[in-house]
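Trainee: Here it is: the structure, laid out below.
FYI, it's all coordinate maths here, none of it is from the lab. Just so it is clear, the structure is predicted and the values come from calculations on it, not from any experiment. Quick reminder, even Gly has a Cβ in these numbers, built from the backbone with ideal geometry, and neighbours come from all protein chains shown.
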Ligand code: HPA
Ligand code: ZN
């Protein structure tokens, strides 16, 4: 087989994909219409034209506008099902998905409708496509910590449907030290924990997320690259980074894929995997396209690719029976 076919055929695990970031423009228009939600677009084409970004924040502004169309259990089912259907054409085996209930619950949607709508689709995806899925309730830094804690408390009765807690939105002005109580509570509930750190934030946010929040993996994590001691901390503590190469380039976080610290982290023995982040907003580039982009720009060795696929399994929160099948 050719190298590109080899990359395509690798059994993949995705650990960094925001559910609302997989909202394709056509579905945004359709759901807005059926829910009578006003959005400043009348066609999918207009949304695609608006999806050109100068920074993380310029993306987040459009992205959270997209969140506003969701209301019902069916909406969330339809959204996650569209993702499963799309990735089923590649060799995705297991996925752990960030869902941003905090935005929806703060607008009056019931947490239970979101979680159960998503769970139903996960059960169906396992049956129909053989894809296993974990749901990660993701806290948003643009809301205050008290609002995060409220949401976590509401989520406790739904614990069995949620594999872990994440945290995203912009790091600007939001150091990890603000969230110690939140993460302590989440870990006390038995949830796994991860956080976006070192996307646009300084290296110290990566270190503090490890030391204060006790994250088990680090989303993005590329911001540590100027501090060899913090890169070493990632390696020594076996905190893997969930990198999103196409996202980083399109949000102007890194200049190019080789410029992002993929090579540096591989050489420093930091576990890593590649992910799509917000595939629909980033040109409908899903996990396969991210793997292909890294190969095209960097040409990793077969041995390195095999290691990355294994890292993704190791970093996942799959139960033992699922993990055994992924091996
Ligand atoms: N960073 C922070 N928050 C996000 C991102 C991201 O890349 N994507 C979706 N929410
Ligand atoms: Zn992300």
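Trainee: Please go through (1) in contact with a strand residue (DSSP E or B) (Cβ under 6 Å, 6 or more places away or on another chain); (2) within 15 Å of ligand 1 (Cβ to nearest atom); (3) under 21 Å from residue 15 (Cα atoms) for residue 133 and return the number of the only condition it doesn't satisfy.
Mentor: (2)
Trainee: Out of (1) in contact with a helix residue (DSSP H, G or I) (Cβ under 9 Å, 6 or more places away or on another chain); (2) away from ligand 1 (no atom under 16 Å from the Cβ); (3) in contact (Cβ under 8 Å) with a residue 60 or more places away in the chain, the odd one out for residue 138 is which?
Mentor: Of (1) in contact with a helix residue (DSSP H, G or I) (Cβ under 9 Å, 6 or more places away or on another chain); (2) away from ligand 1 (no atom under 16 Å from the Cβ); (3) in contact (Cβ under 8 Å) with a residue 60 or more places away in the chain, only one is false for residue 138: (2).
Trainee: Please verify whether residue 211 is within 16 Å of ligand 2 (Cβ to nearest atom) and in contact with a helix residue (DSSP H, G or I) (Cβ under 9 Å, 6 or more places away or on another chain), treating the condition exactly as stated.
Mentor: Answer is no for this residue.
Trainee: If you don't mind, there's one more thing I want to ask. Within segment 143-166, identify whether any single residue is assigned to a helix (DSSP H, G or I) and under 30 Å from residue 292 (Cβ atoms), and answer yes or no.
Mentor: no
Trainee: Can you tell me which residue within segment 266-301, out of those that are over 20 Å from residue 96 (Cα atoms) and out of contact with any helix residue (DSSP H, G or I) (no Cβ under 7 Å at 6 or more places or on another chain), is surrounded by the most Cβ atoms within 10 Å (Cβ to Cβ)?
Mentor: Among them, the one singled out is 297.
Trainee: Could you say whether any residue in segment 187-199 is touching a residue at least 12 places away in the same chain (Cβ under 8 Å) and part of a helix (DSSP H, G or I)?
Mentor: Yes; the residues of segment 187-199 include at least one that is touching a residue at least 12 places away in the same chain (Cβ under 8 Å) and part of a helix (DSSP H, G or I).
Trainee: Against the definition (under 16 Å from residue 315 (Cβ atoms) and either within 16 Å of ligand 1 (Cβ to nearest atom) or not in a helix (DSSP H, G or I) (or both)), how does residue 249 come out, yes or no?
Mentor: no
Trainee: Just to be sure I understand, how many residues within segment 262-283 are over 25 Å from residue 325 (Cβ atoms), in a loop (DSSP other than H, G, I, E, B), away from ligand 1 (no atom under 16 Å from the Cβ) and touching a strand residue (DSSP E or B) at 6+ places or on another chain (Cβ under 9 Å)?
Mentor: Adding up the residues that qualify gives 1.
This table checks each residue for (1) more than 22 Å from residue 48 (Cα to Cα); (2) in contact with a strand residue (DSSP E or B) (Cβ under 6 Å, 6 or more places away or on another chain); (3) in contact (Cβ under 8 Å) with a residue 24 or more places away in the chain; (4) not in a helix (DSSP H, G or I).
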site: 218; (1), (2), (3), (4): yes, yes, yes, yes
site: 223; (1), (2), (3), (4): yes, no, yes, no
site: 231; (1), (2), (3), (4): yes, no, yes, no
site: 285; (1), (2), (3), (4): no, no, yes, yes
site: 290; (1), (2), (3), (4): no, yes, yes, no
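Trainee: Let me ask something else. Checking the structure you have, find out if any residue of segment 227-246 is within 16 Å of ligand 1 (Cβ to nearest atom) and closer than 23 Å to residue 106 by Cβ.
Mentor: no
Trainee: May I ask you to list the residues in segment 249-262 that are without any contact (Cβ under 8 Å) to a residue 40 or more places away in the chain and touching a helix residue (DSSP H, G or I) at 6+ places or on another chain (Cβ under 7 Å)?
Mentor: Once the filter is applied, which keeps residues that are without any contact (Cβ under 8 Å) to a residue 40 or more places away in the chain and touching a helix residue (DSSP H, G or I) at 6+ places or on another chain (Cβ under 7 Å), segment 249-262 yields 254, 260, 261, 262.
Trainee: A follow-up question, please. Can you report the number of residues in segment 164-180 which are touching a helix residue (DSSP H, G or I) at 6+ places or on another chain (Cβ under 7 Å) and more than 13 Å from ligand 1 (Cβ to nearest atom)?
Mentor: 6
Trainee: Now, a different point. Looking at 156, 231, 123, 206, which is the one that is over 15 Å from the mean Cα position of the chain (by Cα), surrounded by 22 or more Cβ atoms within 10 Å (Cβ to Cβ) and away from ligand 2 (no atom under 16 Å from the Cβ)?
Mentor: Only one candidate passes the filter, namely 231.
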